[in-house]
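Working notes, beginning with the structure itself.
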Amino acid sequence: MIDKISYWLDAASKALIVSFLTIMTVVLAIQIVLRYFFQMGIIWSDELARFAMIALVYIGAASATRDNSHITVSIFEDHKPSLRKWFAPIQWIVMFVYSICLIKFGFDTLKVVGAQSSANMGISMGWIYAVIPLSAAIMIVHLLARIGKRPPAIEKEEI
Amino acid sequence: GGYSGKSSVDGTAAADDNESGTKIPAADTSGATYKLRLGHQSPEETNVQVYAKLFKELLEEKTNGDVHVEIYPFRQLGTDRELLEAMQFGTLEFGIINGPPISGFAPETAIVDLPFLFRDWNHVKTFLDSDVKDEYTALTEEANLKMMGIMARGFRHVTNSKKPIETVEDLKGLKIRVIESPVYVNAYREVGTSPQSMNWSDAYTALEQNAIDAQENTLDIIHDENVAEVQDYVSKTGINFVFSFIMASKQEFDKWPEDIQQAVLEAADEAGKEMTTRNEHNEGEFEEKLKAKGMEINDFDRSQFEGKFEDTYSSWKKEHGDNLLKKIQDIK
Amino acid sequence: MVTLFFALTIVLFLLGVPMAITIGFSSIVYILLADINPMIVVQRLFTGADVSALMAIPFFILAGNLMLTGGLAQRILDLANSLIGRMTGGLALVTILGCMFFAAISGSSIATAAALGTLMIPAMVDKGYGRGFATAIVSNASPMGVIIPPSISLIIYGSLSGASISDLYLVGVPAGLIVGISLLIVVYLISRKRGYKGTDEPFKFSDFLRAFRRSLWALGTPIILLGGVFLGIVTPTESGVVAVVYAIIVGMFIYRELKLKDVWGIFLDSAKSTAIIMFIIANAALFAYILAYENIPTAIVSSVLSISENPIIVLLLINIILLIFGAFMDTMAILVIVVPMFLPVITAMGVDPVLFGIIVVVNTAIGMATPPFGATLLISSNLGKSPLVTVARESGWMLFALIVALLLITYVPYLVMFPLWGFG
Ligand code: NA
Ligand code: NA
């Protein structure tokens, strides 16, 4: 069950981050064309692109938790792979506690920043900040789906 | 992040070209009961830092050292928006904030950003001495922010690299970087320019390379940010007037005993008044400095703006009414 | 408590907790112990990514990946091969020269490592080069991606320091040449000692001309990107968007090697890389906040200045500190944390912020190739299917060459600053 949820959440995350990157590219490309050829400016383009990037970063970070592709200093594990079974639970706990904190603090923060509106588009900052607790929740699902499985290999093949 | 060079309201993100960036605060804080933090986003050689130091001195003196203020300049604790948030959270006691970003937290505060609102420095000073000011500062209470001292910074003038701007007609088609504020953007659209959205460091490069033609700022910032290196003309258009505010976290403020609160309010108010006087006085000095750096400065007959900002005003009135607006306009 | 904070960070690092979460988690622990309102955590994580200049990262990574698939990278290598492929260590030298060319069209070292690693490591192994050595060449040469403009690192440094990005770009070219030439020399000497042969085909001008013509569109990229910035058509951050659009057009319609069905995968991979890198930057912003809150930058500045106020010694100290940071940390995290710490010292000593910028960027570029943690080291070792320890061992002399180049740039600044200081 949790495996399925993790799978589908990740599929959705991937579609989302591709869309965000596309939005960033298109919006800024239009801005350049408008400014250079038509002497016009869109005042919200930078803000929209930045917000898309923030969403991309957090949703993408959650996705990287699923396939264990976060950047890691794994000198000891590389040197002595048998250490992995001792280290993996500690790594799991730290990531889990981190995600729980982001959810808890995230919701508290939303209550405060929800009243604030963004400088150009005038949308509630609550909507944008919400991506942090949301992605932390996705991370937790991915972490729960890992329980009972072999510690995931660090993305590297050795010959 | 706190250190990152994202859009700063008045362009204080650009080079800190001073020679004295290494003063190490080594104040003896042993006797202080209250160790309070003040953050702002401007470099150290700016009037905002002078303002911060003045407030610190006055407050420490008034409380006989019971309060110690630590100043964190140059975005060490974040830019304006982040400082305001930190005050809402209660993680920061004081911040010096440039006007416009506050409107994200208390929309009606943008009223002083309306174009062509203040006739001249006298109008500004009378406003600061009036009850209308108290009505204005009360606007941020609901957002859990206390607005205490006000420093009038000055009129914001347009600089560009093409020609002196003498008529509203000259503004037409100018690609201008304005600060991130709908009121500013609307106003600059209404006089025919093409406002661009850009953070300051990008804007500085864009000005350097002529990707955009113009920007607008107060004379002191035009000077401090080395605009002279990338622009030739300063035209004293003064479409907007800008203030910097000493703000406090309301939740922290409410925790302090009454005598401390009183001292904080007095110090902020006195610092603001003193800085306002200095800024008005220094405008001429900055004009001379800019001329010495090779900029050409011209006067602009602001009466041309009469009736030019009707859309901006009518959309303001639609959203916020005209109660406070009338009061400010009616100040003689 | 600050000691506890640093100790926790190091222990979590060594236990293999992801880097971003290591610095984020220890910052959270600190904030809870210091009784600071934890909402600041979420705010710093948000604002750490909320920076316009950082948009250069996704765009340049995306552009690099498009250029690889679209055939631009291959054509650049063919050109390099026609120039020096015949020499001793031909393919190795071609890889370095290819990195320099590719660096001039890409703003990202990671994209450079991905492009050159994919194309050149298998080719070198086929010709009898040691796998570890082949991989190490890509790991050590691809950091030039951020030294030679366009460059994500230079854009970010410019936005942090206020130094002019076009000045940084002008200085980046000679700095990249110095680094490239140092690497060419060392790799040539090693190849001669180990007997790696070149193609031995005589140089034929017609071959060169053909390779040159074929790579014209790829070679046109720096003219469009840098020209766009210098002529003021686009901002440095926006030039990343132009690179993306240009790479799509050339790859799809001119070289016809980029297929529509590839594009989804490229966007996904690029988005993922961006997220992984910027997740570290965002957490580094939280970490940097604690440093500022505890006044640690001020303490460091005063302790460095108490050792000496002589620029030569201070710069040496800063280089050593940066190289140590670079061994363990990601470039962007270092930029976010270190630049604001040292900039006041540097300006106080009268060192040009542009020169300091190139010194910092070269340092962080070296950090990409030094063990235990380095972006190009990890990617190359991954692509080359060679263990990190082997690649690190094979990197020794090349790292030495990089450090020599760094010292040259630091102590003979005229070598890189002449575009700004003039020939007077
Ligand atoms: Na480059
Ligand atoms: Na490293």
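The values are calculated or read from the model by the stated rules, or taken from the named source; none is laboratory data. Computed from a prediction, not measured in an experiment: that's the story for all the values here. Backbone-built Cβ (ideal geometry, glycine too); neighbour counts: all protein chains shown. The area values use the complete protein model at the heavy-atom level, side chains included, leaving out ligands, DNA and RNA. Shrake-Rupley method; radii C 1.70, N 1.55, O 1.52, S 1.80 Å.
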Exactly one of B:ALA214, B:ALA206, B:ALA187 is under 24 Å from B:GLU306 (Cα atoms) and within 14 Å of chain C (Cβ to nearest Cβ), and that residue is B:ALA214
Just a yes or no: is a residue in segment B:89-112 in contact (Cβ under 8 Å) with a residue 60 or more places away in the chain, part of a loop (DSSP other than H, G, I, E, B) and open to solvent by 30 Å² or more (accessible area, probe 1.4 Å)? no
So if I check each of C:ILE147, C:ILE105, C:ILE137, which one is more than 14 Å from chain B (Cβ to nearest Cβ), within 11 Å of ligand 1 (Cβ to nearest atom), farther than 24 Å from C:ILE266 by Cα and among the aliphatic types (A, V, I, L, M)? C:ILE147
Do the conditions hold for C:ALA218, that is, is it within 14 Å of ligand 1 (Cβ to nearest atom), assigned to a helix (DSSP H, G or I) and at pLDDT 90 or above? no
All but one of (1) modelled with pLDDT of 95 or more; (2) open to solvent by 20 Å² or more (accessible area, probe 1.4 Å); (3) farther than 27 Å from B:THR91 by Cβ hold for A:PHE96; state the number of the condition that does not hold. (3)
Would you point out the residue of segment C:358-401, among those that are in a loop (DSSP other than H, G, I, E, B) and within 17 Å of the chain's Cα centre (by Cα), that is farthest from ligand 2 (Cβ to nearest atom)? C:SER395
Criterion violated by B:MET148 - all others in (1) modelled with pLDDT of 95 or more; (2) surrounded by 24 or more Cβ atoms within 10 Å (Cβ to Cβ) satisfied: (2)
Does segment B:249-267 contain any residue that is under 16 Å from the mean Cα position of the chain (by Cα) and within 16 Å of B:THR137 (Cβ to Cβ)? no
Unique residue being assigned to a helix (DSSP H, G or I) and open to solvent by less than 90 Å² (accessible area, probe 1.4 Å) when the list is B:GLU283, B:GLU288: B:GLU283
For A:ALA61, are the conditions met, namely being small (Gly, Ala, Ser), open to solvent by 10 Å² or more (accessible area, probe 1.4 Å) and touching a residue at least 24 places away in the same chain (Cβ under 8 Å)? no
Subset of segment C:10-65 (residues that are among the polar types (S, T, N, Q) and either under 24 Å from the mean Cα position of the chain (by Cα) or open to solvent by 10 Å² or more (accessible area, probe 1.4 Å) (or both)): C:THR22, C:ASN37, C:THR47, C:SER52, C:ASN65
Kindly indicate the residue of segment C:240-271 that is acidic (Asp, Glu) and farther than 16 Å from C:ARG75 by Cα and also least open to solvent (accessible area, probe 1.4 Å) among those meeting that condition. C:ASP262
Tell me whether segment B:78-86 contains one or more residues that are assigned to a loop (DSSP other than H, G, I, E, B), more than 27 Å from C:ASP35 (Cβ to Cβ) and small (Gly, Ala, Ser). no
Selection within segment C:228-270 - of a type in the set (Ser, Thr, Tyr) and under 27 Å from A:ARG35 (Cβ atoms): C:THR235, C:THR237, C:SER239, C:TYR246, C:SER270
C:LEU377 vs. criteria within 12 Å of another protein chain (Cβ to nearest Cβ), open to solvent by less than 10 Å² (accessible area, probe 1.4 Å), at pLDDT 85 or above and closer than 19 Å to A:HIS70 by Cβ: yes
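Residue-by-condition table, conditions (1) crowded, with 18+ Cβ neighbours inside 10 Å; (2) touching a Pro at 6+ places or on another chain (Cβ under 9 Å):
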position	(1), (2)
B:ILE176	yes, yes
B:ARG189	no, yes
B:GLN215	yes, no
B:SER235	yes, yes
B:GLY238	yes, no
B:ILE260	yes, no
B:GLU274	no, no
Looking at segment C:263-285, is at least one residue more than 10 Å from chain A (Cβ to nearest Cβ), in a helix (DSSP H, G or I) and over 22 Å from the mean Cα position of the chain (by Cα)? no
Quick test for you: out of B:ILE246, B:ILE150, B:ILE176, pick the one residue that is assigned to a strand (DSSP E or B), closer than 28 Å to B:ASP311 by Cα and either under 22 Å from the mean Cα position of the chain (by Cα) or not polar (S, T, N, Q) (or both). B:ILE176
List every residue pair whose Cβ atoms sit under 7 Å apart, with the two residues 6 or more apart in sequence or on different chains, where the first one lies in segment A:9-27 and is in a helix (DSSP H, G or I) and the second, anywhere, is open to solvent by 40 Å² or more (accessible area, probe 1.4 Å). A:ASP10/A:ARG66; A:VAL18/C:TRP264; A:VAL27/A:LEU48
With (1) within 16 Å of ligand 1 (Cβ to nearest atom); (2) crowded, with 24+ Cβ neighbours inside 10 Å; (3) away from every other protein chain (no Cβ under 14 Å) as the list, and C:LEU97 as the residue in question, which single condition is left unmet? (2)
Over segment C:108-134, the set of residues polar (S, T, N, Q), open to solvent by less than 10 Å² (accessible area, probe 1.4 Å) and more than 16 Å from ligand 1 (Cβ to nearest atom) is none
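This table checks each residue for (1) within 16 Å of ligand 1 (Cβ to nearest atom); (2) among the hydrophobic types (A, V, I, L, M, F, W, C); (3) crowded, with 24+ Cβ neighbours inside 10 Å.
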| residue | (1), (2), (3) |
| --- | --- |
| C:LEU154 | yes, yes, yes |
| C:TYR157 | yes, no, yes |
| C:ILE165 | yes, yes, yes |
| C:LEU168 | yes, yes, yes |
| C:VAL173 | yes, yes, no |
| C:ILE178 | yes, yes, no |
| C:TYR188 | no, no, no |
| C:SER191 | no, no, no |
The lone condition C:ALA327 fails out of (1) crowded, with 17+ Cβ neighbours inside 10 Å; (2) within 16 Å of ligand 2 (Cβ to nearest atom); (3) within 14 Å of another protein chain (Cβ to nearest Cβ) is (1)
I'd like to check which helices (runs of 4 or more DSSP H) are fully inside segment C:13-80 and have at least 2 residues that are under 29 Å from C:GLY251 (Cβ atoms). C:56-69
